[in-house]
Amino acid sequence: DFTLNFGWLRNDAHNIADGDYNNIPQPLSTVGSLNAQVDEIYANQHRNWELRWSNTFGAVDVILGAQKFNELSTLRSSSQFWLRNPNSIFGGPPFFFRRLPTQTVAFPGLYSRDSDYTGYYGSLQWQINDQLRLAVEGRYNRDDLDYFTSGFTRLQVAVQQLVPMCPATPGGASSCGLTANRSQSKFTPRVSLDWKWRDGAMTYVTFAEGYKPGGYNVNEVTELASQGYDAENVVTYEIGAKTEWLDNRLVLNGAVFYNDYTDQQVGVQRVDPSGATLSAIANAGNVEIKGFEIE
């Protein structure tokens, strides 16, 4: 059997929100509180091709396949910040915070990630006898990711009123753009052994490896050298049983498992050099997951 799958997706979203959740005026000129308006346009599109071949050779089932995946994700940010009190002393030197919102934002921030993935995989299942079945699987992954960011922050433009320019001069913020690339490849295997010790009762043991590529945090950054994060890897072990009892009126399943992560990617809050707090991805030092489940 040959199977060819193709998928295409495009999603666009325009998000406008009151970023600080209130519009309370601030009469005191000595206070530097800010209004915040979020204005972001997200666009995401991807294409996916997969060709798969399967065949049976007696007691052996074989699957071979190849996959190609492309994705482009972009963010166009025109978010603004300005003083609640236009007469605030922070609107003058040495801060020069913006006193009023601009009607049109001439320099929105642009961010993008272009992903190109190629994968080759195979599976072999061998029915050794009426009771034992062995499955051996593997996948080779190749990820090529390109990142782009404008090189300035919305805080610089909307609050400090710096003008994006290339090259940057005193009083300006760099708009030359920053790029980075992350290319990685990984082979991930999976092996499982099933033992059917009676009709309606089976015990299994599995070993597998998983992988997620690394990348860069690009949102609201002025340099990329320190914004990279490594690939996430996991090794998993599981042993369990699936059983039926009392003429199939009772189903009892259970498993114990152990997952050992290396460089697991976790969401964090970071403070960038401009003082803004932003969401980002970082690698955890060590993560282990141990547990059991019963049904």
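The values are calculated or read from the model by the stated rules, or taken from the named source; none is laboratory data. Not measured: the values here are computed from a predicted model. Surface accessibility is based on the protein's heavy atoms, side chains included, excluding ligands, DNA and RNA. Shrake-Rupley method; radii C 1.70, N 1.55, O 1.52, S 1.80 Å.
Largest GNM mean-square fluctuation across ALA231, ALA13, ALA180, computed for the chain with C-alpha springs under 10 Å, falls on ALA13. Listed by chain and number, the aspartates and glutamates placed with their C-alpha closer than 16 angstrom to that of LYS196 are ASP130, GLU244; residues fewer than eight positions away on the same chain are left out. When only Cα pairs below 8 angstrom with a gap of at least 6 residues are kept, the stretch 1-155 shows a relative contact order of 22 percent.
Its Cα gyration tensor gives the stretch 1-144 an equivalent ellipsoid; the semi-axes, largest first and in whole Å, are 59, 16, 12.
Using the 1.4 Å probe convention, the accessible area of the stretch 1-146 works out to 62 Å² per residue with neighbouring protein chains retained. In the stretch 219-265, the convex hull through the Cα atoms has an average projected area of 5.9 nm², a quarter of its surface area. Using alpha carbons only, the radius of gyration of the chain set against its Kirkwood radius gives Rg/Rh = 1.14.
I'd like the distance separating the alpha-carbon centroids of the stretch 33-82 and the stretch 239-295, in whole Å. First find each Cα centre; the distance between them is then 22 Å. What a 1.4 Å probe finds exposed on the stretch 160-233 is 56% carbon and sulfur by accessible area, rounded to a whole percent. Taking only protein heavy atoms and a 1.4 Å probe, the accessible area of the stretch 1-108 is 60% carbon and sulfur. Given the pairs LYS212/LYS242; LYS242/LYS290; LYS68/LYS186, which span a C-alpha to C-alpha distance of over 23 angstrom in this model? The pairs that break the limit, which is 23 Å between Cα atoms, are LYS212/LYS242. Over the stretch 215-295, accessible surface divided per residue gives 61 Å², non-protein components excluded, 1.4 Å probe. Quarter the surface of the alpha carbon convex hull of the stretch 163-281 and you get the mean projected area, 11.7 square nanometres. The Rg/Rh ratio of the stretch 103-176, with both radii computed over alpha carbons and Rh defined as the Kirkwood radius, is 1.51.
In this structure THR243 has an accessible area near 10 Å², from a 1.4 Å probe over the protein heavy atoms.
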